[in-house]
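Participant: Take a look at this one; I'll ask things after.
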Amino acid sequence: MTLLYNRNGESRMVTRTEREHDVIIVGAGILGSAAAVALGKQGRKVLLIERDMSEPDRIVGELLQPGGVKALHQLGLADCLEGIDAIPVHGYHCIYHNEGVAIPYTSTEGVPERGKSFHHGRFVMKLREAALKAPNVSVLEATANNIFTNSVTGAALGITCTVKSTTTPQHHFAPLTLIADGCFSKFRSKYIPKQPAVRSHFVGLVLKDADLPAPNHGHVILGNNPPVLVYQIGTHDTRILVDVPGKLPSVGSGALKKYLEDTVLPELPESIKPSFKDALETQRLRTMPNSFLPPSVNKTPGIIVLGDAMNMRHPLTGGGMTVAFTDVVLLRDLLSPSLVPTLSNRDLVVRQMEKFHWQRKHLSSVVNILAMALYALFAANDNRLRALQNGCFRYFQLGGPCVEGPVSLLSGIRRQPLVLFMHFFAVAIYAIYLIFAESSLVMWPVMVVHSGAVFVKACQVRRLLMEVRGRQRMGIVIDKKESMCGDFGVLLGFGWIPQEEHERICSILDQPITFPA
């Protein structure tokens, strides 16, 4: 007999019988289902708990970047993209005040990288099917109620849940519980001190047989208002997501529909307008909060929190699923039986998860910072940000490395956070150049002040560098002069940016890029 405690100090006597597992996973979504397959294949006895096994219906999580496709292949789950009417994605098409620029994915050894877009629910159901078929995996449709712990050590011992259509709680035991219950996580607040901050909302519609300016591309539409995303998710279906900052207009009163008609519709490409008008008249307006939650290290023995329950960023860049699948690959490797023979060795698991936290930053910091930086530019709400937005679009028009570098980061293929910073400041300098190039000489004295304000605005990205500093923990030596040289010393002063990348961008801009120490 074992005395079990929940987090409220309540105890009861239960027997540990057949309900013992190596891992309990809460949430059979993107990450949870993939993790169940990966750990089950390693011989771990896995219990996957999901409140509702019916097909989910969401307006996000529908575009998987090439880096995510590669991670799916590593997990042996690439066939989950088959049979769901998924659409190959060749890159992006950015439209700025009705002017377009192509941003194709890069190639690896001559083979173009490809992403996939699809109906979210269909993809999740394929992942769940894979979990149901995986060895050593049991799937339980139940509501997770609470996690009980050892009253002395605080280590998680298992979970109490209520099976669907019943009222009697069940107790399941495992030395490790993985919480992957999504953006509205029930358990996040118990193990992570930080809570999500909602910056804006997406309003989503499905356009029927839309005529896209660039088929097989994700579209980012920029104008005088926040960005609009458009991408095909099926043969006849195209998703449109409209970003609405701040408080969302009322749906019931018709204020939101009027906003879409009066503000968004006029800035859409002409070919999309007919299907957008039809969708406004025939579909329910669906919304989703766009949240930001920086990653946290949970050190509670026996608990791992992953996915949107642990880390979220604006979905503008479509990197969430790529981060999730890459996290599963890393988790699988770090907790492999060769390194962690038994998950009951909680101290060893905690040490491995500390490695996990820092190693995941190679990708997660790129995706998180890129999402924040691009959203700040694309949702520009003052003249300084609008100047940077113009500089960003014109930078993409230069082509070559000015497109290849950013899109390789966006796609999850290149995982070098500081290359991102180099391109960001190259955009800032090019934006300042454009301020003078597009102004008459008589206005140059005024433009000096304006360009200074733009440069200061760009430098506010410095706070994002704090996330990259964790790389010190991975054995990367940071010169002590960094604190004196500031941001630009970090970027170029100590060789963190590949020299060839610097030279190529300078050649495209036809001018050297130098930064003050």
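Participant: Restricting attention to the range 35-69, which residues are surrounded by fewer than 21 Cβ atoms within 10 Å (Cβ to Cβ) and either more than 21 Å from the chain's Cα centre (by Cα) or not hydrophobic (A, V, I, L, M, F, W, C) (or both)?
Facilitator: Within the range 35-69, Lys41, Gln42, Gly43, Lys45, Arg51, Asp52, Met53, Ser54, Glu55, Pro56, Asp57, Arg58 meet the criteria.
Participant: Could you check His362 against (1) closer than 19 Å to Ile103 by Cβ; (2) surrounded by fewer than 21 Cβ atoms within 10 Å (Cβ to Cβ); (3) within 15 Å of the chain's Cα centre (by Cα) and say which number it fails?
Facilitator: Among (1) closer than 19 Å to Ile103 by Cβ; (2) surrounded by fewer than 21 Cβ atoms within 10 Å (Cβ to Cβ); (3) within 15 Å of the chain's Cα centre (by Cα), the lone unmet condition for His362 is (1).
Participant: Would you mind finding the one in Gly246, Gly254 that is more than 25 Å from His119 (Cβ to Cβ), surrounded by fewer than 16 Cβ atoms within 10 Å (Cβ to Cβ) and in contact with a Ser or Thr (Cβ under 8 Å, 6 or more places away or on another chain)?
Facilitator: Testing whether each residue is more than 25 Å from His119 (Cβ to Cβ), surrounded by fewer than 16 Cβ atoms within 10 Å (Cβ to Cβ) and in contact with a Ser or Thr (Cβ under 8 Å, 6 or more places away or on another chain) leaves just Gly246.
Participant: Sticking with this one: Please specify each residue of the range 78-91 satisfying the condition of being in contact with a helix residue (DSSP H, G or I) (Cβ under 9 Å, 6 or more places away or on another chain) and assigned to a loop (DSSP other than H, G, I, E, B).
Facilitator: Matches in the range 78-91: Glu82, Gly83, Ile84, Asp85, Ala86.
Participant: For the range 219-237, which residues satisfy the criterion of being assigned to a strand (DSSP E or B) and surrounded by fewer than 20 Cβ atoms within 10 Å (Cβ to Cβ)?
Facilitator: Hit for the range 219-237 is Asp237, nothing else.
Participant: Are any residues in the range 384-400 buried (at least 20 other Cβ atoms within 10 Å of the Cβ) and aromatic (Phe, Trp, Tyr), and if so, which ones?
Facilitator: Phe393, Tyr395 - these are the residues of the range 384-400 that are buried (at least 20 other Cβ atoms within 10 Å of the Cβ) and aromatic (Phe, Trp, Tyr).
Participant: Can you tell me which residue within the range 281-313, out of those that are basic (Lys, Arg) and in the same structural domain as Phe356 (by the TED database), is modelled with the highest pLDDT?
Facilitator: Taking the candidates together, the pick is Arg313.
Participant: Considering every residue within the range 279-301, establish whether at least one is surrounded by 22 or more Cβ atoms within 10 Å (Cβ to Cβ) and among the aliphatic types (A, V, I, L, M).
Facilitator: no
Participant: In addition: Just one of Asp278, Asp327 is closer than 27 Å to Val37 by Cβ and among the charged types (D, E, K, R); which is it?
Facilitator: From the options Asp278, Asp327, the qualifying one is Asp327.
Participant: Still on this structure: Given (1) of a type outside the set (Val, Ile, Thr); (2) assigned by the TED database to the domain that holds Lys41; (3) open to solvent by 10 Å² or more (accessible area, probe 1.4 Å), identify the lone condition not met by Phe356.
Facilitator: Every listed condition holds for Phe356 apart from (3).
Participant: Answer yes or no: is there a residue in the range 194-205 that is touching a Gly at 6+ places or on another chain (Cβ under 8 Å) and over 15 Å from Phe276 (Cα atoms).
Facilitator: yes
Participant: Related question: Hey, could you check the range 164-203 for residues that are assigned to a strand (DSSP E or B) and open to solvent by 30 Å² or more (accessible area, probe 1.4 Å) and say which is nearest to Asn311 (Cα to Cα)?
Facilitator: Ala197
Participant: All but one of (1) assigned to a strand (DSSP E or B); (2) touching a His at 6+ places or on another chain (Cβ under 6 Å); (3) outside the structural domain of Leu47 (by the TED database) hold for Ile240; which doesn't?
Facilitator: The number of the failed condition is (2).
Participant: Let me ask you something else. From the list Gly412, Gly405, pick out the single residue that is touching a residue at least 24 places away in the same chain (Cβ under 8 Å), surrounded by 21 or more Cβ atoms within 10 Å (Cβ to Cβ) and closer than 16 Å to Gly218 by Cα.
Facilitator: The conditions single out Gly412.
The values are calculated or read from the model by the stated rules, or taken from the named source; none is laboratory data. Computed from a predicted structure; not experimentally measured. When we count neighbours, we look across all protein chains shown, and the Cβ atoms used for this are built from the backbone with ideal geometry, even at glycine. The protein model used for the area step is the full one, side chains on, heavy atoms only, and it has no ligands, DNA or RNA in it. Shrake-Rupley method; radii C 1.70, N 1.55, O 1.52, S 1.80 Å.
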